[in-house]
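The values are calculated or read from the model by the stated rules, or taken from the named source; none is laboratory data. If you're wondering where the values come from, they're calculated on a predicted model, not measured in any experiment. Here the Cβ positions follow ideal geometry from the backbone for every residue, glycine too, while neighbour counts run over all protein chains shown.
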Amino acid sequence: MSGMSGLDWGVIGIYFAALAGVVVWSSKKQDTSADYFLAGRNIGWFAIGSSLFASNIGSEHIVGLAGSGASSGMAMAHWEMHAWIMLLLGWVFVPFYYRANVFTMPEFLEKRFNSKVRWILSVVSLIAYVFTKVSVTVYAGALVFQALLPEMQLTIFGQIWGPFWIGAFATVILTGIYTIFGGLRAVLYTDTAQAIILLVGSFFITFFGLKALGGWGELKAICGDRVSDMALWRPLAQAGSGLPWWKNGDFPWLGILIASPIVGIWYWCTDQYIVQRTLAARNLTQARRGAIWGAFLKVWPVMIFLVPGMIGWALHQKGLITIPSKVVDGQTVAAIDGDQVFATMVMGLLPTGLRGLVVGGLLAALMSSLSSLFNSCASLFTVDIYEKLRPNQSERHLVTVGRFATTIIVLLGMAWIPVMYKVAGGGLYPYLQSVQGYLAPPITAVFLLGLFWKRINAQGAMWGLIVGFVLGMAKLTIQAKYSTIDPMKSASPLFLANIGDFNFLYASGALFLISIVVVVGVSFAGKAQDEASIDGLTYASLNKQEVRASIGKFDIGLTAVTLSLVIGMYLYFSFWLK
C-alpha cells in the first residue's frame, strides 16, 4: 500500500487554505441571530441543495456505506435512494415551514401545538445529535486518519496517542473553530465546494476500482457467487438460519418497505440538521428548488459510495488489495473489517495527487457533517431553550450564546468518542440506521398528522412523542443486553430476549403505529385547537395559490429527471444479479 506523497498533502493543504478564506469572509457577517443561524435568510438554491447533499454524505456515509457494500451488498441502498423523500421536503413540507417563518423544527411544533411539544423535541434532538451523529461522524473520520497515517504518534502527559485519536480530536477541534466563527453561512458555502469534491473524488474510486477488477461484468460475476448477500431485496426468513421471520436480521424486504420511509421522512423532512438549510433560502421558490437540487445529487451515493464497497470486497477476493480483518474484543476474526474498505482502496488504487483529492473529499465529508451538526445544535439550544428561559436578549448576545453552545457540543462529542469506539464494532452504518429507526417513528407520526389533520391537538402530539421515545429507548436498551441469538448477551428472561431479537425494521413500524394511535386517541379525548391559531400550519389552511405561484418549469423538470433516475436504479438493481 502506497503512502501519502508530498503532492497529496499539497492538494489537501490548498483545500484547507481555501476553506480558511471562506470562514474568514463569513465571520464578518454575523451581526444578528438570523445571520448566524440562517445566513441572513438570503441563500440561493444551488448552495442549499449542495449543502443538503454534503451535510448528509458525511464520512460515516463514505466509510460506513463502503463497509456495508463489502459485507452486505445492496442492503443499505434503500436508504440511499431516498431522493424521492427529499422531493417531498421541497414539494410538501417546505411551504409549511417557510410560511411559519421559523428558525427551528421545535419552534414550528410550538406554533402548530404548544411550548411543551417544542421542549420535548428540542431536548431529545440535542441528546440524539451528541450521542449518535456527532460521535459516529467523528469515529468514521478517525478511521480515515488511522489508514492514512498508521505510524503517527504523540505523547501527551505520558500517554501515547495513535492516529485514530489524533485524527478524531484534530478534526473536531478544527471543524468546531470554523463553525463557531463562521455560522451557517460558512457551513453552506464550504458545503458547496465539498459536495463537488465528494462527487469527483468518489467517482474516481469507482472508476479505478472497476478498472483494476476488470469491469462491471467481473463485479457481477464475483458478487453473483454471494447473490443472497448482495441482493437489493432479501427474503423474509433467512435461509438455513432456523430463525423465524421476525428475528431475521438480514434486512428483509417487508421490513425495508416499512421502516425506510419512516426514517427517511423524519431525517429529510423534519430534522433540524437537514431542514435548517431550506429555512435559509431567500424565498419559497429558492427553498423548494434547493431541496429538488439536493434530491438530484442524492441519487448518486449508491454508485459512488456503496458500489465501491462491493468492488473493494471483490478486489480483496482476487488478492488485488488486502482489507484488514475485523478485531472483536482484542481478537482478530475471519471477517474483513468493512469500515476499513474505502480507506484501503484510496491508498492502494489511486495515483499520486488524485489520492490527495479523494482524501480531501473524505476530510471534507467529515467536516461538512460536523459543522452542520454543530450549527444545528447551537440553533436548537439558543433558539429553543436559552431564548425561552431568558427572553428579550440582544441579537449580539444570542450570537455569543450560539458560539458558546457550539463549543460545548464540540467538547461533548469529543468526550463520547471513547465510548463510540467500542460501540461501533458491528459496523457504522447499520448501527446508525438501527438507532435512527427507534428515534424517528414518533417524530414522523407527529409531523405528518399535525400537518394533514387539523383535529390533532397539542396533548395528542405531546403524549405521542413521550410514549414513542420511551418505548424506542426501551427497545434499544433491551436489545443491547438480551438476545437468544447473540451468545454474548443474556437469553433470560426469554420475553426480554425475544424483544431484543425483534428486527429493528419491524420494531420501527410498530413504534410508528403505536405513536399514531396515541396521538389520535389523546387528541380525540380532548378539544380541537382553535383554527385561527393554526392558520397556514395545516394543509387545509395553507395558501395554495401562493404555493402554486412559486413553482417554475425548472422545478418540475428536475423533479421528473430525479424520479426517473430513482425508478431506473430500483429496476436495475432489483434484477442485476439474476
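Quick notes on this structure:
- Residue check for K553: modelled with pLDDT under 90 and not β-branched (V, I, T): no
- Any hit, the range 145-161, residues being at pLDDT 85 or above, farther than 30 Å from S523 by Cα and part of a loop (DSSP other than H, G, I, E, B): no
- Any hit, the range 494-502, residues being of a type in the set (D, E), in a helix (DSSP H, G or I), closer than 30 Å to R112 by Cβ and touching a residue at least 40 places away in the same chain (Cβ under 8 Å): no
- A528 meets all of the listed conditions (1) small (G, A, S); (2) part of a helix (DSSP H, G or I); (3) closer than 17 Å to F452 by Cα but one, namely (2).
- Any pair with Cβ under 6 angstrom, 6 or more apart, that starts in the range 385-397 at a residue that is under 18 Å from E110 (Cβ atoms) and ends at one that is modelled with pLDDT of 80 or more: I385/S122; Y386/V401
- Residue-level check: of (1) farther than 19 Å from V102 by Cα; (2) touching a residue at least 40 places away in the same chain (Cβ under 8 Å); (3) touching a strand residue (DSSP E or B) at 6+ places or on another chain (Cβ under 8 Å); (4) surrounded by fewer than 23 Cβ atoms within 10 Å (Cβ to Cβ), R282 misses just (1).
- The single condition among (1) surrounded by 12 or more Cβ atoms within 10 Å (Cβ to Cβ); (2) farther than 30 Å from R455 by Cβ; (3) of a type outside the set (F, W, Y) that A560 does not satisfy is (1).
- Extreme residue, nearest to the chain's Cα centre (by Cα), among residues of the range 357-404 that are surrounded by fewer than 24 Cβ atoms within 10 Å (Cβ to Cβ) and aromatic (F, W, Y): F381
- Look at the range 463-487: where a residue is of a type in the set (D, E, K, R) and a partner is outside any helix (DSSP H, G or I), sitting 6+ places away or on another chain with Cβ atoms under 7 Å, you get K481/K489; K481/S490.
- Pairs, first under 28 Å from W45 (Cβ atoms) in the range 189-214, second of a type in the set (D, E, K, R), C-beta under 9 Å, six or more apart: D191/R277
- Flag for A549 being under 26 Å from S125 (Cα atoms) and either among the charged types (D, E, K, R) or surrounded by fewer than 19 Cβ atoms within 10 Å (Cβ to Cβ) (or both): no
- Complete set of residues in the range 220-252 that are of a type in the set (F, W, Y) and either without any contact (Cβ under 8 Å) to a residue 40 or more places away in the chain or part of a helix (DSSP H, G or I) (or both): W245, W246
- Residues that are within 17 Å of I274 (Cβ to Cβ), in contact with a Leu (Cβ under 8 Å, 6 or more places away or on another chain) and acidic (D, E) do occur in the range 58-81.
- Lone qualifier among G209, G217, G294, G255 - being assigned to a helix (DSSP H, G or I), out of contact with any Phe, Trp or Tyr (no Cβ under 8 Å at 6 or more places or on another chain) and crowded, with 22+ Cβ neighbours inside 10 Å: G209
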